[in-house]
1. If packing is taken as the average count of other Cβ atoms within 10 Å, what order do 143-155, 219-231, 120-132 fall into, highest mean first?
2. Under a point spin-label approximation (7 Å from Cα along Cα-to-Cβ), what is the Thr411-Glu344 distance to one decimal in nm?
3. In square nanometres and to one decimal, what's the mean projected area of the convex hull around the Cα atoms of region 391-476?
4. Based on the mean of other Cβ atoms within 10 Å per residue, sort peptides 311-317, 245-251, 378-384 so the most packed one is first.
5. Label 7 Å along Cα→Cβ of Arg470; region 405-425 residues with amide nitrogen under 20 Å?
6. Under a crude label model (7 Å from the Cα following the beta-carbon direction), how far is Gln121 from Leu370 in nanometres?
7. With the crude spin-label approximation of a point 7 Å out along Cα→Cβ, what separation in nm comes out for Asn302 versus Arg204?
8. Hey, for a label at Arg456 modelled as a point 7 Å past Cα toward Cβ, could you say which residues of region 393-407 have their backbone N under 16 Å away?
Amino acid sequence: MIKVNYRRDRRSMLPLSLVLLLCAACGNDAQTTNNTGSSGGAGISDGSDMDASGGPLTDESINTPPPALPPTSPVDAGGPVDSGGSATNNQAGRPPAPPPRPTMSAGARDSYRSGLAAAQQGNLQAARDSFERALGSDPQAFQAAYNAGVIAERMGQDAPADSFYQRALTIQPDYEVAMAARARLLVRQRRVPDAVAFVSDIARRYPGNFLVRAEYARLLVIAERYDQAVDEARAILRFDERNVAAKIAVAEAFRARGRTDNALYIIDELINGSDPQHPNNGPGAGDARAHYLRALLRVEVNRDVPGAIQSFSRAVELDPQFAEAHNNLGVYLLQAGNVSTAIEHLRAATALSPSWAKAHLNLGDALRALHTYDEATTELQRALQLDATLFEVHYNMGRLHGEQARELASTGLDNINRKLALLQQSQQDFQRYRDALGPSFATHPRASDVGQQLERLTSLITRTTTLRDREQRRLARQSAQATPAAGAADAGAPAAGDGG
């Protein structure tokens, strides 16, 4: 039976347009809030982990001027922005427009587009080489620097990724996509104060870039500075009342404070608009992040899992590079019994964010459900390598080894020895899980389950040890009985060469 734990973990972080749940509770740990198990330790991320690596590759136009309206999300934005575009543009006191952005040179375009094509095909090294060639051809090609950083993160190379993001920001200091990617990298490294200070500086220098300021508001939520987050978002809305990113930041702050009903109301209106006769017609209807947050809130407010699956699916449709949405969709599909489709989305999450321990944990749990034990073990071990504090791995390993043992026949000494080794390994896994929780284990939701597992394993190990000893004695008797017969046959046979 799948059990869902909706307890919030106040240590989480935030998401990237590459990966998991939504920014609400925060702190400095790579764990997720809403630890949702699919019978194991798989978990839903609320995006506050911000474990996603990099961001979406941008294929923004390199020849056209900035659009009249800013993109809807600071993370998903791929193109140049100006200061707004709403009817309030001429409002007194409006901050100055962001600086212009250089156009990529003709000499860099082919390499840049080759990089995008290679990335679409999954050839990360070729993509990175192409982006670096574009940057070499045009040192002002900030988009190429950013995308090279995304690819580096997907290759698990955080230091080069950070360098590329900073290079993009050196060229275009208010480039909100590179800023968000670097901020999230810092959060994933548990450097939340550094991330807040970094984005705060850019927001202060470029107050007319509302995408930068909306991302700053979201980082304030992660830092648990909720009042400041709401104030920052509302300051944006005074000048651009339809700004989707700012409204999402307000909803995230409300959600983090436990005002989930208010948060869901904001998001529903953002997606649906004000006319109930024409839903999905609001300014956020095409924003993947809005649908992602709606999915989280649908579960938290109404326990509406089918609705959450629908919203996560829409988020993935709108942004196929949204690793967090892939991860959460995979977890809920796994809970619903759709294992194969769940694995597809969880593979996408790990491909988009290879350094994200929680995504590997969830994929390992799904593969276990499919009885693909070797690959499941690899994924779980990878999760633990990435985050040694992710103790849920031990729980899932315990289940995996126990299930493997049950599938082995209790006949034949090799099978019995293998079964016994797996049972002992399962016992050790559950003990590690219990020990990792320390004093909190006594009140943990899984305490009873783990206690029963350990009790059952002790009994099974005793019985299997007895079975092994019995089989060893049987084989020894069988061998002893066969040895005299063989000796007698040898004694009665003529020696070689005696026949003459």
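1. Numbers: 143-155: 28.3, 219-231: 20.9, 120-132: 17.8.
Top of the packing list down: 143-155, 219-231, 120-132.
2. 4.0 nm
3. Numbers: hull surface 21.3 nm².
Its Cα hull, projected and averaged over all orientations, spans 5.3 nm².
4. On the way: 311-317: 22.6, 245-251: 28.0, 378-384: 20.7.
The peptides rank, most packed first, as 245-251, 311-317, 378-384.
5. Only 405-424 pass the distance filter.
6. Result for the modelled spin labels: 2.6 nm.
7. Going by the 7 Å Cα→Cβ label model, 4.3 nm.
8. Once the point is set 7 Å along Cα→Cβ of Arg456, 395-407 turn out to lie under 16 Å by backbone N, inside region 393-407.
Each value in this text was obtained by applying a stated rule to the coordinates, not by laboratory testing. All values reported here derive from a predicted model rather than from experimental measurement. A quick note on method: Cβ atoms are made from the backbone with ideal geometry, for glycine too, and the neighbour counts reach across all protein chains shown.
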